[in-house]
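**Student:** This is the structure, below, for whatever I ask next.
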Amino acid sequence: MLTTEQQDGTTVLRLTGSWTVQHLTDIEKSLQAVPLNGCHTLHVDCTALTHADLSAMWLLRSALHRCEQSGTVVSFINGEPEHFAFLNDLQQRTPSALVTHEAELLWPEQVAATLGRHAVKLGQHALGHLDHFGRIIHCHLHSLRHPKHLRVPSVVRHAYEAGIQALPIVAMIAFFVAVIIAYIGASQLRDFGAGIYTVDLITVGVLRELGVLLTAVIVAGRSGSAFAAEIGVMQLNDEVDALKSIGIDPIEVLVVPRVLGLIIALPLLTIVADAMGMAGGALLSNWLLDISIPQFIARVQDALAPTTFWAGLIKAPVFAVLIGMIGTYRGMQVRGSSRELGRLTTAAVVESIFMVIFANAIFAVIFVELDF
Amino acid sequence: MQPAQPVVSVRNIVTRFGEQLIHDDVSFDIAAGEVLGIVGSSGSGKSVLLRTILGLQKPSAGQVLIEGMDITSMSERQLMGVKHRYGVTFQHGALFSSLTVAENIQLPLREYLSLSQATLDELTALRLDMVGLPLSAASKFPSQLSGGMIKRAALARALALDPQLLFLDEPTSGLDPISAAEFDQLVRYLQTNLRLTVVMITHDLDSLLTTCDRVAVLVDRKVKVDTLAGIMNNPHPWIHEYFHGPRARGMTQMLAAGVQHGT
């Protein structure tokens, strides 16, 4: 690549081989060997160069430029390589080309700057959330008062996609989780001779908590992510702006039908999950504890309080609103890049699952206080 | 002197999507150091032809030779070797939206070579200079750039590995006439100084007139290649309408007055 020779006070650099982009790694290394200081004149000989391209010549030129700045006189034997003419021309057209780095802050300043930036961002986010949720609620009330603005076909489509299409997975998961609960319950309670209470455990557990919670978590994973991704891609394609420019409120056509669709679908899914959970419990009780199906049903009727079923079902629309709002809100936030889309879709799912469980905890406290 | 080997040679390409025949026996050569413009009506298969030449799509029949190597019968591995010999810009830039402009330009370099960050930065500065972008654009994300800057950044990424062959898909679409003219000048400037071979798909008559040496017209599933003057006198109704329609009249008058190649 590069050989250096000392000839009475001057250094001769001989370039050999092909200086092309494929060999940049070697070129970079050999250029580091160019003596920056300690010589007064530097002769560069390019006659043995077989191939040269722009990138390599640019690196050579920058290295020689640094030599010149440190006081060395650089001259070429047999003239400059041909690419230098173009590079010189380029530099005259755009005189920048010096890589500068931003002034670095000291670490206490950096910490303060980072903290401050985050605090401001957090404040803006909080305001954004509040603004969006306010708009959605306003738009919902508006749509309900003026049925013309309610997009019924759209609501039905989302109820179908979030509800009917989720039926198999919700049914399966409810069934198997109920089987697990019944199995653990039976194996523990049997030791106390209280095996029959497994039925109470299943009834109260599935109807009050598990049915609705499992359904909400599955729907958050399925539909929450779908909402965020659908609306996010529409944002990236300027479709949301197109809607606004036509004079259609994007919240009215994109957000409200999705949220309403979920409000319809989630309670219905919850009923299916409850039924499948009870079926799973009955099956396992029959198999493990020899409780026949009529016996199981009689015991369930004893265990049921009038409110048990409703205590579960009443939570479903609340969860639906949370999932729908978070999913659509995150979708609306997407700007600019595909990474944003991925980040916000993930955020939508994580936040809606968190909010569902958090809301469930609040419901539990309220129900206990109300003796519901 | 023996005629030099064509840089790209398209031989008897047939492309079929199901029942639909897109290209029927398309053949032409692209010589080293020329600028070839590809025109054709929307849906005539310009982009499909480009994708075929790039090796992104296999033709139903026929061959594509890049520097004498048949890319249609190559293994994936060999094709990778050919792919870093050319640079491509796509219609909408196709910059990676999660990377900054500098990272976009450095991506091909990082992929093929192991270089220090300082060297990478230096090479990035050169590319930005070449395409006329300010250094401040380096740390920006594609979503923060204007349409013209995106086209320039895409060109900078296409030039990252010092290719001798450059493919541009509608490089001036969506630009205002001034930016489009500047971009044409830039392409011509780089092409003459670096002796590049350029293939560009374009709808822009100005670009054809100021930048291209020869024009390939895709019409009736066939291709007609000729010099600009030759193609303008082609009697085919679509080609005649293209170059002599209401939008082209001013341009042809300019050509008649001898204002070719903007010099």
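**Student:** What is the residue count in the range B:70-117 for residues that are over 29 Å from A:Glu340 (Cα atoms) and in a helix (DSSP H, G or I)?
**Tutor:** 8
**Student:** Looking only at the range A:6-56, which residues are away from chain B (no Cβ under 14 Å), open to solvent by less than 70 Å² (accessible area, probe 1.4 Å) and of a type in the set (D, E, K, R)?
**Tutor:** Within the range A:6-56, just A:Asp45 meets the criteria.
**Student:** Can you name every residue in the range B:86-102 that is aromatic (Phe, Trp, Tyr), under 26 Å from B:Asn193 (Cα atoms) and surrounded by fewer than 21 Cβ atoms within 10 Å (Cβ to Cβ)?
**Tutor:** B:Phe90
**Student:** Also, quick follow-up: Among the residues of the range B:120-134, what is the count of those that are aliphatic (A, V, I, L, M) and either surrounded by fewer than 19 Cβ atoms within 10 Å (Cβ to Cβ) or under 22 Å from the mean Cα position of the chain (by Cα) (or both)?
**Tutor:** Filtering the range B:120-134 for residues aliphatic (A, V, I, L, M) gives B:120, B:123, B:125-126, B:128, B:130-131, B:133.
Narrowing the set further to residues that are either surrounded by fewer than 19 Cβ atoms within 10 Å (Cβ to Cβ) or under 22 Å from the mean Cα position of the chain (by Cα) (or both) leaves B:126, B:128, B:130-131, B:133.
Residues in the range B:120-134 being aliphatic (A, V, I, L, M) and either surrounded by fewer than 19 Cβ atoms within 10 Å (Cβ to Cβ) or under 22 Å from the mean Cα position of the chain (by Cα) (or both): 5 in total.
Results for (1) within 16 Å of A:Leu213 (Cβ to Cβ); (2) within 14 Å of another protein chain (Cβ to nearest Cβ); (3) outside any loop (DSSP other than H, G, I, E, B); (4) of a type in the set (Asp, Glu), shown as yes or no for each residue.
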| site | (1), (2), (3), (4) |
| --- | --- |
| A:Leu322 | yes, no, yes, no |
| A:Met325 | no, no, yes, no |
| A:Met332 | no, no, yes, no |
| A:Arg335 | no, yes, no, no |
| A:Glu340 | no, yes, yes, yes |
| A:Val349 | yes, no, yes, no |
| A:Met355 | yes, no, yes, no |
| A:Phe367 | yes, no, yes, no |
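**Student:** State whether one or more residues within the range A:77-87 are more than 24 Å from B:Ser116 (Cα to Cα), assigned to a helix (DSSP H, G or I) and open to solvent by less than 40 Å² (accessible area, probe 1.4 Å).
**Tutor:** Yes, because at least one residue in the range A:77-87 is more than 24 Å from B:Ser116 (Cα to Cα), assigned to a helix (DSSP H, G or I) and open to solvent by less than 40 Å² (accessible area, probe 1.4 Å).
**Student:** So A:Ala194 fits all but one of (1) open to solvent by less than 60 Å² (accessible area, probe 1.4 Å); (2) part of a helix (DSSP H, G or I); what number is the exception?
**Tutor:** Against the list (1) open to solvent by less than 60 Å² (accessible area, probe 1.4 Å); (2) part of a helix (DSSP H, G or I), A:Ala194 comes up short only on (2).
**Student:** Inspect all residues belonging to the range A:163-183 and state whether any of them is surrounded by 18 or more Cβ atoms within 10 Å (Cβ to Cβ) and among the aromatic types (Phe, Trp, Tyr).
**Tutor:** yes
**Student:** Taking only pairs six or more apart or across chains, which ones have beta-carbon atoms under 6 Å, a first residue in the range A:352-368 that is in contact (Cβ under 8 Å) with a residue 40 or more places away in the chain, and a second residue that is among the aromatic types (Phe, Trp, Tyr) and surrounded by 15 or more Cβ atoms within 10 Å (Cβ to Cβ)?
**Tutor:** Matching pairs, first to second residue: A:Val356/A:Phe319.
Every residue, every condition in (1) at the interface with chain A (Cβ under 10 Å from one of its Cβ atoms); (2) at pLDDT 85 or above, yes or no:
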site	(1), (2)
B:His84	yes, no
B:Ala94	no, no
B:Thr100	no, yes
B:Asp121	yes, yes
B:Thr124	yes, yes
B:Leu128	yes, yes
B:Ala138	yes, yes
B:Ser143	yes, no
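**Student:** Report, by residue number, each residue of the range B:11-55 that is under 20 Å from B:Ser207 (Cβ atoms) and aromatic (Phe, Trp, Tyr).
**Tutor:** Result: B:Phe28, single match.
**Student:** Turning to a different aspect of this structure: In this structure, is A:Thr72 more than 8 Å from every other protein chain (Cβ to nearest Cβ), open to solvent by less than 50 Å² (accessible area, probe 1.4 Å) and polar (S, T, N, Q)?
**Tutor:** Values: more than 8 Å from every other protein chain (Cβ to nearest Cβ): yes; open to solvent by less than 50 Å² (accessible area, probe 1.4 Å): yes; polar (S, T, N, Q): yes.
Yes, satisfied.
**Student:** Name the single residue that is modelled with the lowest pLDDT among those in the range B:103-114 being open to solvent by 70 Å² or more (accessible area, probe 1.4 Å) and more than 10 Å from chain A (Cβ to nearest Cβ). Give the derivation first.
**Tutor:** Let us first name the residues in the range B:103-114 that are open to solvent by 70 Å² or more (accessible area, probe 1.4 Å), namely B:103, B:110-112, B:114.
Next, only the ones that are more than 10 Å from chain A (Cβ to nearest Cβ) stay: B:103, B:110-111.
On the way: B:Glu103: 89, B:Arg110: 84, B:Glu111: 80.
If we take residues in the range B:103-114 being open to solvent by 70 Å² or more (accessible area, probe 1.4 Å) and more than 10 Å from chain A (Cβ to nearest Cβ), then B:Glu111 is modelled with the lowest pLDDT.
**Student:** Just to be sure, is A:Arg299 over 13 Å from A:Gly232 (Cβ atoms) and basic (Lys, Arg)?
**Tutor:** When the stated conditions are applied, A:Arg299 passes them.
**Student:** Go through the range A:244-283 and report how many residues are in a helix (DSSP H, G or I), over 23 Å from A:Ala316 (Cβ atoms) and open to solvent by 50 Å² or more (accessible area, probe 1.4 Å).
**Tutor:** So the count comes out to 4.
**Student:** B:Gly43 passes all but one of (1) on the phi < 0 side of the Ramachandran plot; (2) away from every other protein chain (no Cβ under 14 Å); (3) surrounded by fewer than 16 Cβ atoms within 10 Å (Cβ to Cβ); (4) not charged (D, E, K, R); which number fails?
**Tutor:** Against the list (1) on the phi < 0 side of the Ramachandran plot; (2) away from every other protein chain (no Cβ under 14 Å); (3) surrounded by fewer than 16 Cβ atoms within 10 Å (Cβ to Cβ); (4) not charged (D, E, K, R), B:Gly43 comes up short only on (1).
**Student:** Any residue at all in the range A:284-304 that's open to solvent by 50 Å² or more (accessible area, probe 1.4 Å), aliphatic (A, V, I, L, M), closer than 18 Å to A:Ala178 by Cβ and not in a helix (DSSP H, G or I)?
**Tutor:** Yes, the range A:284-304 contains a residue that is open to solvent by 50 Å² or more (accessible area, probe 1.4 Å), aliphatic (A, V, I, L, M), closer than 18 Å to A:Ala178 by Cβ and not in a helix (DSSP H, G or I).
**Student:** Can you go through B:Leu161, B:Leu175 and tell me which one is open to solvent by 10 Å² or more (accessible area, probe 1.4 Å), part of a loop (DSSP other than H, G, I, E, B) and within 12 Å of another protein chain (Cβ to nearest Cβ)?
**Tutor:** Result: B:Leu161 is the single residue among B:Leu161, B:Leu175 that is open to solvent by 10 Å² or more (accessible area, probe 1.4 Å), part of a loop (DSSP other than H, G, I, E, B) and within 12 Å of another protein chain (Cβ to nearest Cβ).
**Student:** Looking only at the range B:78-95, decide whether some residue is of a type outside the set (Gly, Ala, Ser), over 20 Å from the mean Cα position of the chain (by Cα) and on the phi < 0 side of the Ramachandran plot.
**Tutor:** yes
**Student:** Taking the condition more than 9 Å from chain A (Cβ to nearest Cβ), surrounded by fewer than 21 Cβ atoms within 10 Å (Cβ to Cβ) and within 15 Å of the chain's Cα centre (by Cα), does B:Gln117 pass?
**Tutor:** Against the criterion (more than 9 Å from chain A (Cβ to nearest Cβ), surrounded by fewer than 21 Cβ atoms within 10 Å (Cβ to Cβ) and within 15 Å of the chain's Cα centre (by Cα)), B:Gln117 does not qualify.
The values are calculated or read from the model by the stated rules, or taken from the named source; none is laboratory data. All values derive from a computational prediction rather than experimental measurement. Cβ: placed from backbone, ideal geometry, glycine included. Neighbour counts: every protein chain shown. Ligands, DNA and RNA are stripped out before the accessible areas are found, and what is left, the full protein with its side chains, is counted by its heavy atoms. Shrake-Rupley method; radii C 1.70, N 1.55, O 1.52, S 1.80 Å.
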